[in-house]
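The values are calculated or read from the model by the stated rules, or taken from the named source; none is laboratory data. Every value quoted in this text rests on a predicted model; they were computed, and no experiment measured them. Cβ atoms come from the backbone with ideal geometry, glycine included; neighbour counts cover every protein chain shown. Protein only, heavy atoms only, side chains kept; ligands, DNA and RNA dropped before computing areas. Shrake-Rupley method; radii C 1.70, N 1.55, O 1.52, S 1.80 Å.
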Amino acid sequence: MSLSVWDAHGLAHFSRRTYRNRYGMKYNSKLNLGCGNDILKGYTNVDIFSMAPGIVKQDIFEFLRSISDNSVSEVICYYLFEHLTYDEVDELLFLLSGRLEIDGIIKILVPNFSLICNSYKLNMRNINFLTRLLNYEVNVCSAESGHKSIWNSYLLRYYLTKENFYIITKSENGVGKNNLGIHIEAKRTKSGKY
């Protein structure tokens, strides 16, 4: 059964497992952080910049600090990490290691900088490919895109294991925009630091 709840942020849909943060606002046990306009039903969608209805318009760090430990079962971070500095990602994973339940899942999707570079080297003479690559992916660290970091599977593994997450699935080909992304699912382990 789904409950529809009006709050200060607009209409939000919640599943049976809802909680209240320290401000009294309801949130679901599944989070979609940095959601932009990608609103997922059954999730609490959080983004400070999105104008979409039905989201929590709040800084993700402030939101995570306001919720209870071990109250989140799943977190989606699609195309979020590249908009954060490495220190901010470290802080985010630290907060999530406390907010996620034991065996809670985090799903991450980021542009794969290694694959982008390799694709460029393999297709240097294909003007159609290079045009597409320049328009969508190589802009990885430009001020216009808001990107502050670049990612490959080694960096993701480093930051996740540092905060006691165990990688359960990883895919580097055929995911994301132009098939140049990394998709990782990881579980919070019992030995979380938080």
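If you scan region 82-94, which residues turn out to be assigned to a helix (DSSP H, G or I) and open to solvent by 10 Å² or more (accessible area, probe 1.4 Å)? Even if it seems obvious, please write down each step before you answer.
Step one: filter region 82-94 for residues assigned to a helix (DSSP H, G or I), giving 82-83, 86-94.
Hits for region 82-94 are HIS83, TYR86, ASP87, GLU88, ASP90, GLU91, PHE94.
Quick one: would you say ASP59 is closer than 22 Å to TYR19 by Cβ and free of Cβ contacts under 8 Å to residues at least 12 places away in the same chain?
Working: closer than 22 Å to TYR19 by Cβ: yes; free of Cβ contacts under 8 Å to residues at least 12 places away in the same chain: yes.
Answer is yes for this residue.
It is to be established whether one or more residues within region 119-134 are within 17 Å of the chain's Cα centre (by Cα) and either modelled with pLDDT of 65 or more or within 30 Å of ASP69 (Cα to Cα) (or both). Working first, answer last.
Of all residues in region 119-134, those within 17 Å of the chain's Cα centre (by Cα) come to none.
No, there is no match, as no residue in region 119-134 is within 17 Å of the chain's Cα centre (by Cα) and either modelled with pLDDT of 65 or more or within 30 Å of ASP69 (Cα to Cα) (or both).
Per-residue answers, yes or no, for (1) assigned to a loop (DSSP other than H, G, I, E, B); (2) of a type in the set (Gly, Ala, Ser); (3) at pLDDT 95 or above; (4) over 12 Å from ILE108 (Cβ atoms):
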{"residue": "TYR154", "(1), (2), (3), (4)": "no, no, no, yes"}
{"residue": "TYR166", "(1), (2), (3), (4)": "no, no, no, yes"}
{"residue": "VAL175", "(1), (2), (3), (4)": "yes, no, no, no"}
{"residue": "ASN178", "(1), (2), (3), (4)": "no, no, no, yes"}
{"residue": "ILE184", "(1), (2), (3), (4)": "no, no, no, no"}
{"residue": "LYS187", "(1), (2), (3), (4)": "no, no, yes, yes"}
{"residue": "SER191", "(1), (2), (3), (4)": "yes, yes, no, yes"}
{"residue": "TYR194", "(1), (2), (3), (4)": "yes, no, no, yes"}
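Conditions first: (1) in contact with a helix residue (DSSP H, G or I) (Cβ under 8 Å, 6 or more places away or on another chain); (2) under 24 Å from LYS187 (Cβ atoms). LYS107 passes all but one, so which condition is the exception?
Just one mismatch for LYS107, condition (1).
Would it be correct to say that GLU101 is assigned to a helix (DSSP H, G or I), modelled with pLDDT of 90 or more, closer than 23 Å to LEU31 by Cα and of a type in the set (Asp, Glu)? Working first, answer last.
Working: assigned to a helix (DSSP H, G or I): no; modelled with pLDDT of 90 or more: yes; closer than 23 Å to LEU31 by Cα: yes; of a type in the set (Asp, Glu): yes.
The answer is no for GLU101.
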